[in-house]
Structure formats: C-alpha cells, structure tokens
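Written out below as structure tokens is the structure these notes cover.
FYI, it's all coordinate maths here, none of it is from the lab. Quick caveat: nothing in here was measured; it's all calculated off a predicted structure. Methodologically, a virtual Cβ is constructed for each residue, glycine included, from the backbone with ideal geometry; neighbour enumeration extends over all protein chains shown.
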Amino acid sequence: MKNAWIVAAAATAAVSSSSLANSIIQVNRVSGYHQNIIVAPNVGGGEFTVSRVSGGGIGETGLASDIGSNSFQTFCVELNQSISNGQFRAQVNDEVLTGAPGFSVIMDTTAWLYVQFRRGGLASIGYDYDPNATRVESSAALQLAIWNLQGQFGQPGQSGSRNTNLVNELNSNQLAQDFIAAANAATSNGWQNTSVRVLNVGSVNGTDWDNQDLLTLIPLPSGGGLAAAGLMGLVALRRRRA
C-alpha cells in the first residue's frame with residue numbers, strides 16, 4: 001500500500017503541474033507591500049505582486065495575503081538576480097535555473113513560510129498584513145528569512161561587505177529570526193512541501209530564464225483529479241506486480 005501511495009502522489013504532482021508552464025506574467029512593486037531596499041548596498045526584495053497576462057494559470061490567487069483575486073504576492077528566491085516592474089515569460093519548475101549559489105530547490109522550511117504567508121498564518125508570528133510601513137518591514141524580514149533558508153548568504157566576511165551587511169541585518173532582525181525558528185520547528189515535526197514551486201522568469205522574447213526566480217503555489221487537483229491520480233498509481237503498481 002505504501003508503494004501505491006507513492007506512485008499516486010507522483011501522479012498527483014504531474015496532474016497539478018501540467019498546465020502551469022509558458023505564461024506571460026506582469027510583475028509589479030506595489031506601495032505598502034514592497035520593500036525596495038532591505039540593506040545596503042542596494043539589496044531589495046519582496047513582496048512582489050504577480051498577475052497572469054496570458055497562458056496557463058500560474059499558481060493560486062485570492063488567498064489571504066493577496067491584493068486581489070487576479071494576482072498573488074511572492075518573494076525572491078535568489079540573491080544574485082534582479083527583477084523590475086514589467087511583463088515576463090514564466091514557467092513553474094522544481095528548481096532554480098540560473099545557477100544561484102545555495103539551494104536550487106525550494107527547502108521545506110521556505111515552503112512552510114510561504115504557505116503560511118499566503119494563507120495569512122504568519123500574523124500569529126508578527127507579520128503585519130495591513131498595507132503600510134509595518135507590512136513593508138514584515139516583508140523585508142520574511143525576505144531575509146527566505147534567503148537565509150535557501151542558503152543565499154553565508155558567514156560575515158566570506159563574500160564581501162554585501163554579505164556581511166546581510167548577515168548583520170538578519171542577526172539584528174528579530175522577526176526574521178522568529179520566522180526561521182517557526183519554519184524549523186514545523187519541518188522538524190514532519191511538515192513537507194507539496195505545493196510550493198519555483199517560478200522561473202525570463203524576458204518575453206528571449207530564450208533564457210536569467211531573471212529573479214520567485215515563489216509560487218501550484219493548485220492541487222480537484223477531488224476528481226485526485227481520484228484519477230490515485231487510480232493511475234494503483235494501475236501502475238498492479239501492472240508492475242503482474
């Protein structure tokens with residue numbers, strides 16, 4: 001039965017990801033949500049507001065943290081890439097494509113934070129969801145936590161003053177530390193990522209994905225889709241046993 005569950009889970013992932021590639025998205029930095037500069041020299045990050053322009057649906061929209069039903073809020077995955085307001089080509093993937101240092105896949109700790117953020121669950125830790133200066137500070141703290149959990153910066157002095165400044169900012173940001181501690185506690189208790197993916201971003205007319213990768217939630221299949229995925233898994237298992 002365990003093997004059947006594993007095969008069914010793989011089929012579920014395939015169903016949920018199949019229609020989420022090759023879209024055109026609009027990325028905006030909205031006042032009251034976005035922290036333009038987190039720490040000098042010139043390091044900025046989320047929240048970013050992403051809306052779909054055309055193509056398959058990217059992620060879920062209209063959750064607790066989102067501005068509206070046609071967009072979603074997200075954060076940077078990489079530290080050595082940038083993104084600005086505008087339209088981009090996007091695809092959902094399991095990993096970063098531009099070779100950033102650190103972890104190229106989304107860590108369970110990062111995924112837990114993003115799921116909680118989108119559902120409004122970080123309010124209990126201290127995230128201010130009201131669009132104002134305090135929300136901007138919350139977004140900066142969460143961005144620092146995400147970069148840290150994704151291995152995007154190391155110890156002071158290893159990568160120059162920029163890295164040292166980031167580590168010092170993290171060490172002095174209690175909210176960022178609280179986010180990290182909560183994520184570590186959740187994953188230590190067995191929480192695993194099933195829905196958070198990397199949103200690879202590239203120029204509309206280009207062939208590369210050399211822009212900032214972002215976080216996204218993939219929609220899980222409907223009840224019928226889940227049933228179909230389970231049947232596919234059971235059929236595959238029975239055929240293999242035969």
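Per-structure values
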item: Rounded to whole Hz, the Karplus (6.51, -1.76, 1.60) HN-Hα couplings of segment 115-128, x for glycine and proline; result: 4, 5, 4, 5, 8, x, x, 7, 4, 5, 9, x, 6, 8
item: Cα-centred dipole magnitude for segment 19-222, charges only on beta-carbon of K, R (+1) and D, E (-1), debye, nearest 20; result: 200
item: S71 long-range amide H proximity, modeled H, under 5 Å; result: G62
item: Distribution of pairwise C-alpha distances over segment 34-81, 10 Å bins, in %; result: 25, 42, 27, 6
item: Paramagnetic reach from Q26 (point 7 Å along Cα→Cβ, amide N under 18 Å) across segment 52-67; result: 52-63, 66-67
item: For Q35, distant residues with modelled amide H under 5 Å away; result: G45, E47
item: Compactness of segment 19-222, expressed as Rg and Dmax over alpha-carbon positions, Å; result: 15.7, 49
item: Protection proxy ranking, peptides 192-199, 125-132, average beta carbon neighbours within 10 Å, highest first; result: 192-199, 125-132
item: Net lengthening on full extension, N184/N132 (0.36 nm per residue, minus Cα-Cα); result: 15.9 nm
